[in-house]
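The values are calculated or read from the model by the stated rules, or taken from the named source; none is laboratory data. In this text, all values refer to a predicted model and were calculated from it rather than measured experimentally. Please note: Cβ atoms are built from the backbone with ideal geometry, for glycine as well, and neighbour counts cover all protein chains shown.
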Amino acid sequence: MRPPAYRVSPRAIAHWAIEYLLVWGLLFGLALGVAAWIGDSGWSALPGWLSDRVRLLPHAVGGAGLLMVAVAPVWRYRVHRWEVSADVLYTRTGWFSREWLLVPVSRIQTVDTEQGWIERLLGLATIEVNTASHTGSSELSGLPVGVATRLAEDLAHRAHDLRDDAT
Amino acid sequence: MNVHGEASPAVRDPHLPDDSAPGRRLHPLTFVVGAVREMLALLAAGATGLLVGGLSTAFYFTLAGLLFGLVFHVVSWGTFTYVLYDDRIELRRALVGRSVKSIPRDRIRGVDISASLPHRLLRLAVVHIDAGADGGEGTLNAVSRQEAERLRRALLTRTGAVPRLRPLGRMRRRWYVYAPLSGAYLLTPFALAGSLLGTLYNVGDDLGLITRDRVEAIAHDMVGLPPAVVVALAILVLLAMPIMSIVVFMLFNWDFTLYARGGSLVAERGLITRRSVSLERRRLRGVELADNPFERMSGVARLGALVTGLGDAAHRGRLLPAAPRPVAVSLAARVLGELPGPLRRHPRAARGRRVVRAVAPPLGVGALALLAGQPWVAGTCGALAVLAVPLGLDRYRQLGHATDDARLTVRSGSLRRRQVVVEHGAVVGWRIRRTLFQRRLGLATLSVAVGAGEGGYQAVDMAEPDAVALAAAITPAWVTPFLAAPTPGGGRRT
């Protein structure tokens, strides 16, 4: 199958990067806390090899986080694409594992647009397309607000016209 | 929800006599059934209270509780009515406040009738109406058997005509011996015994019969038993397990019969509590054949239905609890239509992936245990990892898919193998998933999105072109536009 025609907004890279930074920053903080706590307590229940190496934990978490922040957003931007043909919404999402999703407009039940606070800062929006099946429901993030709103309206309108009862 | 109650001059069902206009009551004997259980419990408590403490306050409390329970049941019977209209059924409760629950008849997906032992003795039945997520559900506890049948007919057919009851399949007596093959029934006796022991302990504790000394004495006696007795007891338990599982299986599935009645399927089962479940055929999207390795060796399979908007589908969607495979397959063909086949196997590259995925978890835990200096755990994990190799190989052997011009089928799993058959018209979307490793092996997992059952069923590790071709063959209009090269320019670009 060929990839869908349109990329998401390049600002989506910034969005994902901020998200990863926040999540991994939190994990890094937790790792620092755990390391300090175990290092101080001299907890005898833990095997010696573990308490000796526990100060490496923040380094490992921090390294993994930096790698994720550097690699994942760009990778995702290169993968994420979407397209609406006559009666099908076709998306490709993911990065390490990719998903191609075909949702026929006639089977769409609801179309939601959502904006988190990062997305509002960047002028982006996420579209959620729901069908009767969770497997057949799609979430497309990183669209510019204008495009997302138009697309959601368009999809909802056409879904209403085409709707059949096959759920 | 209609809050006007009987004020609205709704059109009434012409098939109903006019006395239904103000609403029907449940059967007068209903509160007897409700009260009997409480009475038994309270009588037991009262009798022990009398024995232990004579005519104490506890005894009068029990008596008061009994009276209160009876009054409660009488009042709840007296304030509850139901009315069947052309387009809906209304369940009304008017005690202090008034509540009207209105279930639209065209949303009703199933009407279940069940009857516990006291209900059966009094010729009553509980009617449960299920109208899916957007219609809600309601229970009529309880009406007479004839009324239950009449309601079900009226609610499911909408015409009021009496459709013929045509048996589709019935469990044979000798199939009950398949019960021990399925692990679930093998373990049920333990769950029952556990809850029984727990109840005994609690009751004994309440009555002050259980003291620390006695528990310790029993434990001491158990430890002091000669090994021969322990071995004999273990053997006895092992022998009892399959027999108990057959007994439990018979309790639930006695005389399991599947009927076709007009536009719905009706499954009846149960020895003490007789249960009947109606499934609308127009909401049937497919069927599922499941088995485990023991059942496979004995050629046994279970058949279930994939029905849109059915709650508790694992129990209510059952079409055959255990039967020889050819019987299950032919019943599936009668319910849904011929199953597509033979199954196409998945490419060789998928085999390594199945084995790796089976072996990796025990191997990973084993490696961690080795690092942590736990050789015993590591050894066990190593043994498990070795056992996982044939499991992975079998998982690969069971992978398969097929389609004809009306239905598609996918099969996967080994310890719990499932073959799902779905009608082409029931497909609501396609999802193709490829991890980095799958991309390197040219594999793809195709998920069929269906608005019934679990919502999606996977054809694991198909060859990538096959996955696309299968989707394209079933819904050409959705897939073919994306097979060609993209049209340059035009449309919304971001």
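See the values below:
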{"read-out": "Residue in the stretch B:396-415 that is among the aromatic types (Phe, Trp, Tyr), under 21 Å from A:Thr135 (Cβ atoms) and either more than 7 Å from every other protein chain (Cβ to nearest Cβ) or crowded, with 19+ Cβ neighbours inside 10 Å (or both) present", "value": "no"}
{"read-out": "The stretch B:436-468 - residue that is out of contact with any helix residue (DSSP H, G or I) (no Cβ under 9 Å at 6 or more places or on another chain) and within 22 Å of A:Arg107 (Cβ to Cβ) and, of those, modelled with the lowest pLDDT", "value": "B:Gly455"}
{"read-out": "Single match in A:Leu143, A:Leu56 (criterion: aliphatic (A, V, I, L, M) and within 9 Å of another protein chain (Cβ to nearest Cβ))", "value": "A:Leu143"}
{"read-out": "Which listed residue is within 14 Å of chain A (Cβ to nearest Cβ), assigned to a helix (DSSP H, G or I) and of a type in the set (A, V, I, L, M, F, W, C), from B:Val386, B:Val377", "value": "B:Val377"}
{"read-out": "Residue in the stretch B:166-182 that is in the same structural domain as B:Arg275 (by TED's automatic domain parsing), surrounded by 19 or more Cβ atoms within 10 Å (Cβ to Cβ) and in a loop (DSSP other than H, G, I, E, B) present", "value": "yes"}
{"read-out": "Matching option when the condition is closer than 30 Å to B:Val427 by Cα, of a type in the set (Lys, Arg) and touching a Lys or Arg at 6+ places or on another chain (Cβ under 8 Å), among B:Arg353, B:Arg395, B:Arg407", "value": "B:Arg395"}
{"read-out": "Strands (runs of 3 or more DSSP E) enclosed by the stretch B:243-315 - at least 2 residues per element that are modelled with pLDDT under 90", "value": "B:257-261, B:264-269, B:274-280"}
{"read-out": "Residues that are within 11 Å of B:Leu258 (Cβ to Cβ) and of a type in the set (A, V, I, L, M), drawn from the stretch B:317-327", "value": "B:Leu319, B:Leu320, B:Ala323"}
{"read-out": "Filter result for A:Val111 (free of Cβ contacts under 8 Å to residues at least 60 places away in the same chain, surrounded by 17 or more Cβ atoms within 10 Å (Cβ to Cβ) and at the interface with chain B (Cβ under 8 Å from one of its Cβ atoms))", "value": "no"}
{"read-out": "Matching residues, the stretch B:419-455, being more than 8 Å from every other protein chain (Cβ to nearest Cβ) and assigned to a strand (DSSP E or B)", "value": "B:Gln419, B:Val420, B:Val421, B:Val422, B:Glu423, B:Val427, B:Leu443, B:Ala444, B:Thr445, B:Leu446"}
{"read-out": "Hey, B:Val277 within 14 Å of another protein chain (Cβ to nearest Cβ) and surrounded by 20 or more Cβ atoms within 10 Å (Cβ to Cβ) or not", "value": "no"}
{"read-out": "Failed criterion for A:Trp100 (all others in (1) in contact with a strand residue (DSSP E or B) (Cβ under 6 Å, 6 or more places away or on another chain); (2) among the aromatic types (Phe, Trp, Tyr); (3) away from chain B (no Cβ under 12 Å) hold)", "value": "(3)"}
